[in-house]
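Have a look at the structure below before the remarks.
The values are calculated or read from the model by the stated rules, or taken from the named source; none is laboratory data. This is a predicted model, so every value here is computed, not measured. Note: ideal-geometry Cβ built from the backbone for every residue, glycine included; neighbour counts use all protein chains shown. Accessible surface areas use protein heavy atoms only, side chains included; no ligands, DNA or RNA. Shrake-Rupley method; radii C 1.70, N 1.55, O 1.52, S 1.80 Å.
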Amino acid sequence: MVLERLGSSISGALKKIFKAAVVDEATVKELVRDIQRALLQADVNVNLVLDISNRIEDRALKQDLPPGISRKEHVVKVVYEEITRFLGEKPVALKVEPGKRRVVMLVGIQGSGKTTASAKLARYFQKRGLKPALICVDTFRPGAFDQLQQLANNIGVPVYGDAKSRNAIKLGQQGLKEFQKTDIVIIDTSGRHKEEKSLIEEMKQLERALKPDEVMLVIDGTIGQQAALQAKAFHEVTPIGSILVSKLDGSARGGGALSAVAAIGSPIKFVGVGEKIGDIEAFVPSRFVGRLLGMGDLESLIEKVREAEVKIPQKKAKKILSGKFTLTDMYEQFEAMKSMGPFKRLMQMLPGMSYNVPDEMIDVAQDRLEKWRVIIQSMTLKERENPKILSSSRIRRVARGSGSADKEVKELVQQYNMMRRMMKQLRRKKLPFLSGKRLPRNFK
Ligand SMILES: Nc1nc2c(ncn2[C@@H]2O[C@H](COP(=O)(O)OP(=O)(O)OP(=O)(O)O)[C@@H](O)[C@H]2O)c(=O)[nH]1
Ligand SMILES: [Mg+2]
């Protein structure tokens, strides 16, 4: 599928960067060319490709490196961010609040999964404590109302429709009148092909008459590149506010998603991942791109840790992740970590760290650890507690005292700074298993 191929060729290009001894202008330019090729092969619009690659090149070469970050890491991060931006970084969940009725109308071709998605969405919001309602305006396919009614009954969500009616607009208007006091109304429409003039016209009229807050296009995730054409055709008739990609549970893994988004610029907000009513996920671009490029991120990290039911001693974990840890702590942690497999995994899942970086950074070799122990022992207590005060003259003194080079002391401090930053990042995410609180069921 398009996305998978794209993902593997981009991560292939990134691997090259990781293997390179030095990352200079030539390496970055080569990377940018590789990425261009990958995007073009995935049928991404040429102007878009130029835009993305220019941004990557610019940022990779011109941006100042944050302290403690190597050029390599920076480049990977830039690629990750730019590809994420391309997929639409922000809008994730549909904004639904109690008491402010939002109306979402689902459109798409026959069999794309609209009716299933309508019920899934209703269930999704219901589980989050909101009041959903469903309206069936599919007057085209026999049994359409029955199908939605059955799904709605299963989850106890009110549904409006009339199997005998032929007037979709009137049905919609009546339904909206009926459901004034709900938080979200989801309108299921009939499937239409872009060549079917009358149904396409009906969609336009429905949009005008019912004025939904959002028109959501349901795209079958298994159709690959056709998705872009479909999205364009629908978008031309009725502006598409967001996309739901269905059937991502098969082998598809998002085939057309990227091209569809690129074609119309509307974000994917949800993905369907199975036939059951609970098989729906809010779409988080950064997470998706992370998977695509083989780079983990915090969200999947949390999930994975949970899945493995990792039992990390709370005290230890808290200390590791507390922003206040000292050099002595760091040393202890490195030792402890060796017996704590999960933590290695935890580190690896951080964005930009899962290539060959962790081996250097996490699997600190025994002899290096020994060296660090001696270096740390040569420091005063104050310096250990607060390495910030390590000026170059202090560093020289410590180096001499421990029989090591200045460079080695600096390396240790760098490592410490990096660890601390990572800890902070983790802490900000408030890893639930640390606070002892249970995760909400749908925590993502
Ligand atoms: N595996 C899988 N199947 C799905 C998913 N979403 C929908 N389906 C299946 O796709 C088929 C069509 O789904 P519907 O929801 O009826 O599609 P529709 O767009 O309403 O179809 P029309 O109303 O005829 O246009 C059904 O067999 C669903 O069970 C999904 O996320 N995963
Ligand atoms: Mg349907």
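Details
- For Gly129: the one exception among (1) free of Cβ contacts under 8 Å to residues at least 60 places away in the same chain; (2) closer than 14 Å to Leu210 by Cβ: (2)
- Looking across the stretch 191-200, the residues that are open to solvent by 80 Å² or more (accessible area, probe 1.4 Å) and either assigned to a helix (DSSP H, G or I) or of a type in the set (A, V, I, L, M) (or both) come down to Lys197, Ser198.
- Of residues in the stretch 216-250 being away from ligand 2 (no atom under 16 Å from the Cβ) and assigned to a strand (DSSP E or B), the one surrounded by the most Cβ atoms within 10 Å (Cβ to Cβ): Val245
- Top-ranked residue in the stretch 169-190 [being under 33 Å from the mean Cα position of the chain (by Cα) and over 18 Å from Pro98 (Cα atoms); ranked as surrounded by the fewest Cβ atoms within 10 Å (Cβ to Cβ)]: Ser190
- Boolean, Arg396 is in a helix (DSSP H, G or I), at pLDDT 90 or above and of a type in the set (Lys, Arg): yes
- Among the residues listed as Ile200, Ile109, Ile184, the single one being within 11 Å of ligand 2 (Cβ to nearest atom) and among the β-branched types (Val, Ile, Thr): Ile109
- Of all residues in the stretch 388-405, those that are free of Cβ contacts under 8 Å to residues at least 12 places away in the same chain have Cβ atoms under 7 Å from Cβ atoms of residues that are surrounded by 17 or more Cβ atoms within 10 Å (Cβ to Cβ) and among the small types (Gly, Ala, Ser), 6 or more apart or on another chain, in Ala405/Ala399.
- Residues of the stretch 124-136 satisfying the condition of being within 16 Å of ligand 2 (Cβ to nearest atom) and out of contact with any Phe, Trp or Tyr (no Cβ under 6 Å at 6 or more places or on another chain): Leu134
- Residue within the stretch 129-142 that is near ligand 1 (Cβ under 9 Å from one of its atoms), farther than 16 Å from Val218 by Cα and not hydroxyl-bearing (Ser, Thr, Tyr) present: yes
- Tally, over the stretch 39-62, of residues that are at pLDDT below 80, among the hydrophobic types (A, V, I, L, M, F, W, C) and assigned to a helix (DSSP H, G or I): 4
- The stretch 141-169, residues that are basic (Lys, Arg) and either within 11 Å of ligand 2 (Cβ to nearest atom) or touching a residue at least 40 places away in the same chain (Cβ under 8 Å) (or both): Arg141
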